[in-house]
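**Student:** There's a structure below that I have some questions on.
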Amino acid sequence: MGIKDIVYKNIKDNFILYFLLVLALMIGISAGAITINVLNEEQSRSLISFLDSFFKVLSQEKIDSLTLLKHSFVNNFQTIILIWILGITVIGLPIVIFIVVLRGFIVGFTVGFLINELGLKGFTFSMLTILPQNIFVIPGIVALAVLSINFSIKIVTSKTKRGIKFSFMSELTRYSISTAILSLLIIMGSLVEAYVTPIFMKLLLGYVI
């Protein structure tokens, strides 16, 4: 069975969970974009000032890709570990969903702010500097969330229904290995963020400012 078949089977077997989590992601993105419209004048000025400072620093200094990679990796690794732990605790299901919503909110807010302030330039900048890494990171986080929720359901089911064989250590090992494999997708996103996105940023800088 190839990777394509495995992915298709996984989505088919967990279609409802994927649908709910993608819906949660969309809600987060929408909420982030809408939040731009409710910012007061002082908050807007602060964000615009930060954006101007960011572009000035970007134009004057060389981007340290290794430092950026470390920062991205640490942030994503913390998210991976948190989702993994929440799957074991069982009661962490709402928090797993919240993590997906929050990731969507951050993306929606960032893209919404850039478009609101820079118009078409902001849209172009977003598509080439925010989308590339999130092509890998967001599907990875959604898939990890599905895996985490499924593991929690297995634990609950094993305790509430008699006659179901459930070896915790065996399932935990399988859960951990699957988490590690899916994490590679997110690591790929970190590599793109560190080594590909900065190139687009530099290329678009003259267009945006």
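**Student:** Quick one: if the Förster radius is 30 Å, what FRET efficiency do Thr67 and Ile34 give, using the C-beta to C-beta distance and rounding to 0.05?
**Tutor:** Using R0 = 30 Å, I get an efficiency of 0.35.
**Student:** Give the aspartates and glutamates reachable from Lys202 as a straight Cα distance under 16 Å; neighbours fewer than 8 places away on the same chain don't count.
**Tutor:** The qualifying aspartates and glutamates are Asp52, Glu61, Asp64, Glu193.
**Student:** Another question, then. Tell me the relative contact order for the range 118-209 as a rounded percent, counting alpha carbon contacts under 8 Å between residues six or more apart.
**Tutor:** Here the relative contact order equals 58 percent.
**Student:** Treating only the Cα positions of the chain as identical point scatterers, give the base-10 log of I(q)/I(0) from the Debye formula at each q in 0.07, 0.12, 0.19 Å⁻¹.
**Tutor:** With one equal scatterer per Cα and no solvent, log10 I(q)/I(0) is -0.27, -0.72, -1.41.
**Student:** If you don't mind, another one. Rounded to two decimals, what is Rg over Rh for the range 108-209 when you use alpha-carbon atoms and the Kirkwood radius?
**Tutor:** Rounded to two decimals, Rg over Rh is 1.24.
**Student:** Output the peptides 83-95, 102-114 sorted from most to least packed, where packing is the average of other Cβ atoms within 10 Å over each peptide's residues.
**Tutor:** So the peptides 83-95, 102-114, ranked by packing, come out 102-114, 83-95.
**Student:** Let me ask another. Which of the peptides 70-78, 169-177 is most tightly packed, and how do the rest follow, judged by the mean count of other Cβ atoms within 10 Å per residue?
**Tutor:** 70-78, 169-177
**Student:** Give me the percent of accessible area attributable to carbon and sulfur for the chain, probe 1.4 angstrom.
**Tutor:** Summing carbon and sulfur atoms, their accessible area is 71 percent of the total for the chain.
**Student:** Would you calculate, for the chain, the mean residue ellipticity at 222 nm contributed by helices, counting each DSSP H stretch of 4 or more residues as -39,500 (n - 2.57) and dividing by all residues, to the nearest 500?
**Tutor:** Computed ellipticity for the chain at 222 nm equals -30000 deg cm²/dmol.
**Student:** Using a probe radius of 1.4 Å on heavy atoms only, what accessible surface per residue do you get for the range 78-209? Whole Å² is fine.
**Tutor:** 52 Å²
**Student:** Quick one: work out Rg over Rh on the C-alpha atoms of the range 8-81, Rh as Kirkwood radius.
**Tutor:** Over the Cα atoms of the range 8-81, Rg/Rh equals 1.14.
**Student:** For the pairs Lys12/Lys121; Lys4/Lys62; Lys9/Lys159; Lys4/Lys121, note any where the Cα-Cα span goes beyond 32 Å.
**Tutor:** Lys12/Lys121; Lys4/Lys62; Lys4/Lys121
**Student:** A follow-up question, please. Taking the mean number of other Cβ atoms within 10 Å as a proxy for protection, how do you rank 43-49, 140-146 from highest to lowest?
**Tutor:** Result, highest mean first: 140-146, 43-49.
**Student:** Compute the relative contact order of the range 23-151 as a whole-number percentage, counting only Cα pairs closer than 8 Å that sit 6 or more residues apart in sequence.
**Tutor:** Taking the mean separation of contacting Cα pairs over the length of the range 23-151, I get 46 percent.
**Student:** Taking 7 Å along the Cα-to-C-beta vector as the label spot, tell me the Ile48-Ile177 distance in nanometres, rounded to one decimal.
**Tutor:** Result for the modelled spin labels: 5.6 nm.
The values are calculated or read from the model by the stated rules, or taken from the named source; none is laboratory data. For clarity, every value in this text was computed on a predicted model and none was experimentally measured. All Cβ positions, even for glycine, are placed from backbone atoms using ideal geometry, and neighbour counts span all protein chains on display. To get the accessible areas, we keep the full protein, side chains included, count just its heavy atoms, and leave off ligands, DNA and RNA. Shrake-Rupley method; radii C 1.70, N 1.55, O 1.52, S 1.80 Å.
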